[in-house]
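Since every read-out is calculated from the coordinates, none of them should be taken as a lab result. Computed from a predicted structure; not experimentally measured. Cβ atoms come from the backbone with ideal geometry, glycine included; neighbour counts cover every protein chain shown.
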Amino acid sequence: MAETTENKPSAPGPSSPRPSSPRPSSPRPSGFRPSGPRSSEGGRPRDTRPGGPHKKRFQVRKKVCRFCVDKAPFIDYKDLKTVKFFITERGKILPRRISGNCARHQREITVAIQRGRNIALLPFSGEKTS
């Protein structure tokens, strides 16, 4: 008997073969990262450090809220010397991560700056330079 082959469109699914990827597969695992010579401790050799063998790492100090340290009861919008410290020369309010304020005092600073702007003690924008 002669066998007939039917031309059925194959439905996408787990049984159909996947199209090949554009790049050939590598024998290395996917998370593999090549590395240079290692020291006995297992890290980068000390003499190849970018800053030299004896350079100390920069110590990052945690910023503290100056209002919490001084135990200030409130932030006065009329105290321009204090409030101007938290505004850039373009007139923007400094964010918490830059100024180091806690969340509570950052909100108070924002309200004080807005009040100062509304009664024309502080500018809404920086000074124009032409």
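Taking amide hydrogens as placed 1.01 Å from N in the peptide plane, the amide H of I87 sits under 5 Å from those of L94, each at least 5 positions away in sequence or on another chain. Ranked by the mean number of other Cβ atoms within 10 Å of their residues, highest first, the peptides 105-114, 81-90, 57-66 come out as 105-114, 81-90, 57-66.
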